[in-house]
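All remarks here apply to the structure that follows.
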Amino acid sequence: MRSISRRDFLKLGGLAIGGLAFTNFSPQTAELDGVDLVRVAYHSVSVYSQPSDQADIVHSWVRDDLVHVYETVEADAPQYNPIWYRVFGGYMHRGRLQKVRLHYNNPVGSLSRRRSLAEVTVPYTQPYRYNQWNGWFPVFRMYSSSLHWITAIDTGPDGRAWYRILDEADKNIEYFVPAAHLRLVADDEYSTLSPQLPVEGKRIDVDLKVQTLVCYEGEQDVHRADISSGLFGLYPTPIGRFNIMVKLPARDMTGSERFASDEENTLSGVPWCSFFTSAGHAFHGTFWHDNFGLPMSHGCINMRNEDARWLFRWSRPHAGGAEIDQNTLDVRGYGTIVDIHY
């Protein structure tokens with residue numbers, strides 16, 4: 001049997017992000033419409049001959065490679081997360097992969113607010129900055145499902161519509177991103193749930209032993225989610241009773257921050273953040289792993305994006321679109337009780 005070269009493997013099994021033809025700032029990838037893809041969200045992820053980490057390793061993909069998924073398979077292990085993807089040549093465990101889509105958007109004609117929330121809808125986009133000394137130059141990447149604040153519509157280096165993006169962590173810095181790569185988030189997508197209930201009528205219970213979160217209205221269980229809390233012994237999630245105190249729909253975290261992920265130097269646009277300690281612990285969405293049920297974080301509580309958005313909408317303080325402070329991009333107040341225990 002003829003051995004397959006790495007070049008052939010790349011051609012058949014997936015597409016490195018360079019192969020996506022992100023040339024001239026806008027990829028020409030219509031052939032991928034409707035194709036199930038995952039992005040490698042770790043240094044490297046192995047392809048196994050069978051859906052088991054005890055099987056032979058056939059190949060490996062590196063960070064930001066895109067891989068075609070032919071089938072989703074539920075295996076016997078690991079028990080907390082038994083989902084594997086059948087890809088060219090074998091199987092990949094989903095723990096360090098991000099399911100992505102490729103969707104392009106028509107630029108809006110105008111912005112309804114000074115700062116408007118938007119979501120990345122391509123596997124990743126390459127932001128640029130501009131100055132008179134360096135001209136246009138790239139910065140860190142913004143990944144699928146991350147959220148960002150648009151401040152203006154400009155013409156990019158390719159002559160097309162680009163959005164001007166505010167750096168949430170340093171509001172003196174702005175970036176430029178192709179408008180086709182971002183979708184504006186409507187206010188009703190994060191409007192408040194059960195707003196009639198008083199602050200004492202809602203409670204969040206986090207069980208670190210089984211890595212689950214349950215939301216209660218009175219004694220009624222209204223939402224459950226798998227989580228990834230802080231790594232045992234290294235970056236523990238605090239135990240006790242807290243209250244949500246600050247909410248940000250989008251938060252930039254850097255490698256220098258105590259609670260940022262160690263997988264990226266910069267995590268731009270971490271979605272649906274609900275902070276419950278003054279030290280920086282928060283519930284938030286996650287685009288750098290899909291390994292819920294196992295401690296993975298530097299102290300925060302990682303959640304799937306849809307679960308983090310639900311909690312953001314449901315918990316107090318209320319943080320709908322009209323309630324976000326346009327200067328600080330957050331909402332502050334005495335909020336929902338959070339009980340964390342083993």
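Starting from the amide H of THR286, placed 1.01 Å from N in the peptide plane, find each other amide H under 5 Å away whose residue is 5 or more places distant or on another chain.
Amide H neighbours of THR286: MET303, ASN305.
Enumerate the calculated ³J(HN,Hα) couplings along region 333-342 in order (Karplus 6.51 cos²θ - 1.76 cosθ + 1.60, θ = phi - 60°), each rounded to whole Hz, writing x wherever the residue is Gly or Pro.
x, 6, x, 4, 5, 10, 9, 10, 7, 9
Just flag the trypsin sites (Lys or Arg not before Pro) in region 174-216 sitting in loop per DSSP whose Cβ has no more than 16 other Cβ atoms within 10 Å.
Sites meeting the loop and neighbour criteria: LYS209.
Across region 108-113, in residue order, what do the Karplus-derived ³J(HN,Hα) couplings come to in whole Hz, using 6.51 cos²θ - 1.76 cosθ + 1.60 with θ = phi - 60° and x for Gly and Pro?
Once θ is set to phi - 60°, the couplings for region 108-113 become 6, x, 7, 9, 7, 10 Hz.
Mean-square fluctuation check for the chain, GNM, Cα pairs under 10 Å: which of VAL45, VAL87, VAL73 is largest?
So, out of VAL45, VAL87, VAL73, the one fluctuating most is VAL73.
Return the loop-located chymotrypsin sites (Phe, Trp or Tyr not before Pro) in region 77-140 (DSSP other than H, G, I, E, B) with at most 12 other Cβ atoms within 10 Å of their own Cβ; answer none if there are none.
TRP133
Considering only PRO236, PRO198, PRO107, give the residue with the highest GNM mean-square fluctuation for the chain, with springs between Cα atoms whenever their separation is below 10 Å.
Result for the chain, Cα springs under 10 Å: PRO198 fluctuates most.
What size of dipole, in debye to the nearest 20, comes out for the chain about its Cα centre when the only charges are +1 on Lys and Arg C-beta atoms and -1 on Asp and Glu C-beta atoms?
Charge dipole of the chain: 580 debye, to the nearest 20.
What is region 116-185's relative contact order, in percent, from Cα pairs under 8 angstrom and six or more apart in sequence?
Result for region 116-185 is 37 percent.
Within region 234-255, name every residue whose backbone N is under 11 Å away from a label modeled 7 Å from Cα of GLU323 along the Cβ vector.
247
Once both labels are modelled 7 Å past Cα along the beta-carbon direction, what's the ILE57-ASP207 spacing in nm?
3.6 nm
Of TYR334, ALA319, THR155, which is farthest on the positive side of the dipole of the chain, counting Cα position, with +1 on Lys and Arg Cβ, -1 on Asp and Glu Cβ, and the Cα centre as origin?
Of the listed residues, the answer is THR155.
Pull up the DSSP beta bridges for the chain and report the antiparallel fraction as a percent, rounded to 5.
In the chain, DSSP labels about 90 percent of beta bridges as antiparallel.
Would you mind pulling out the separation of the Cα centroids of region 189-229 and region 66-136, in Å?
When both Cα centres are located, 27 Å separates them.
Run the helix sum for the chain: -39,500 (n - 2.57) per DSSP H stretch of 4+ residues, divided by residue count, reported at 222 nm to the nearest 500 deg cm²/dmol.
Mean residue ellipticity at 222 nm (helix-derived): -1500 deg cm²/dmol.
If you take the charge dipole of region 57-187 about its Cα centre, with +1 on Lys and Arg Cβ and -1 on Asp and Glu Cβ, which of ASN134, HIS59, LEU102 is farthest toward its positive end?
The residue sitting most towards the positive pole is ASN134.
For region 205-342, count the residues as N, evaluate 2.2 N^0.38 Å, and divide the Cα radius of gyration by that value, please.
0.97
Where the only charges are on Cβ atoms (+1 Lys, Arg; -1 Asp, Glu), what is the dipole of region 109-186 about its Cα centre, to the nearest 20 debye?
Result for region 109-186 is approximately 160 debye, rounded to the nearest 20.
Take the Cα atoms of the chain, build their convex hull, and give its volume per residue in Å³.
Normalising the Cα hull of the chain by residue number yields 152 Å³.
Report ³J(HN,Hα) in whole Hz for each residue of region 294-306, in order, from the Karplus equation J = 6.51 cos²θ - 1.76 cosθ + 1.60 where θ = phi - 60°; Gly and Pro get x.
10, x, 9, 9, 9, x, 6, 10, 6, 9, 4, 4, 5
Name the residue farthest towards the positive end of the dipole of the chain from the options ASN172, GLY233, TYR124, assuming +1 on Cβ of Lys and Arg, -1 on Cβ of Asp and Glu, about the Cα centre.
ASN172
FYI, it's all coordinate maths here, none of it is from the lab. Bear in mind the structure is a predicted one, so any value in this text is a computation, not a measurement. In this analysis, Cβ positions are derived from the backbone assuming ideal geometry, glycine residues included, and neighbour counts consider all displayed protein chains.
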